[in-house]
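Okay, structure first, notes after.
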Amino acid sequence: MRNVVVTDPPRADPADAQTLGGFGVATVHEALGRVGYLGPAFRPAWPGARIGGTAVTALCWPGDNLMIHVAVEQCRPGDVLVVATSSPSTDGLFGELFATALAQRGVRGVVLGSGVRDVAELREMGFPAWSTAVSAQGSVKATAGAVNVPVVLGGQQVCPGDVVLADDDGVLVVPRADVPRALSAGQARLDKEAATRAAFQQGELGLDRYGLREKLTDLGVEYVPHAEWVAER
């Protein structure tokens, strides 16, 4: 691995990232064809947060948060800090002091493929964080890594400048080049869901709205009166 800090990579428009964050992870994931989801291991430190921002990436060694300190300097308003480790780690690499520094720079949140700590303080200050573990285990600052290089979290590649969405449903990455499609497809899905919600509120069944009755017939599903069912048994 080359120990490098890449400065000022191109970023997606922060306003577009915020719009996608408002759409929500599940909506954008479905709209794009179910791609980009980091998986169920990434959970919020506290419930209710919803963000969309542009990725600044940091690659750290396990139990070592030196490169997070380096990455803070590269962050600017509208970013989301994305931290990966060179091999699996659950150590608490990020806590309230890092959050304070990032909040001062206008960073919208952090996503870590490792542990987070100071959960009560993060909740109190309203700084959003997603991680694969909560751990009080501390870290050292001893080993060089990299900043603003592609990293992999949950089997998904995250490049600097990509859009990262996160909410109670998890974390999603949208490649920078795919943001326009995500915006149009996400809005279309929101509109479709609004129409479906209104139909359900009027009593329409999903069986009819989604055309599922014919599918049930094709699958051999039968409707049998109870008396007949008992008699057959």
(message) Being on the phi < 0 side of the Ramachandran plot, exposed (fewer than 11 other Cβ atoms within 10 Å of the Cβ) and at pLDDT 95 or above is the requirement here; does Gln202 meet it?
(response) yes
(message) Can you find a residue that is among the β-branched types (Val, Ile, Thr), within 19 Å of the chain's Cα centre (by Cα), assigned to a strand (DSSP E or B) and more than 26 Å from Pro62 (Cβ to Cβ) anywhere in the range 163-181?
(response) yes
(request) Tell me which of these Ala55 doesn't satisfy, since it passes every other one: (1) assigned to a helix (DSSP H, G or I); (2) open to solvent by less than 20 Å² (accessible area, probe 1.4 Å). (result) (1)
(message) Let me confirm something: among Arg176, Arg209, which residue is surrounded by fewer than 17 Cβ atoms within 10 Å (Cβ to Cβ) and either on the phi > 0 side of the Ramachandran plot or at pLDDT 95 or above (or both)?
(response) Arg209
(request) Could you check Gly33 against (1) touching a residue at least 24 places away in the same chain (Cβ under 8 Å); (2) outside any helix (DSSP H, G or I); (3) over 19 Å from Val134 (Cα atoms) and say which number it fails? (result) (1)
(request) Could you check, for the range 67-80, whether at least one of its residues is among the small types (Gly, Ala, Ser), open to solvent by less than 10 Å² (accessible area, probe 1.4 Å), within 21 Å of Thr19 (Cα to Cα) and at pLDDT 95 or above? (result) yes
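The values are calculated or read from the model by the stated rules, or taken from the named source; none is laboratory data. The shown structure was predicted, so the numbers you read here are calculated from the model rather than taken from an experiment. Backbone-built Cβ (ideal geometry, glycine too); neighbour counts: all protein chains shown. Protein only, heavy atoms only, side chains kept; ligands, DNA and RNA dropped before computing areas. Shrake-Rupley method; radii C 1.70, N 1.55, O 1.52, S 1.80 Å.
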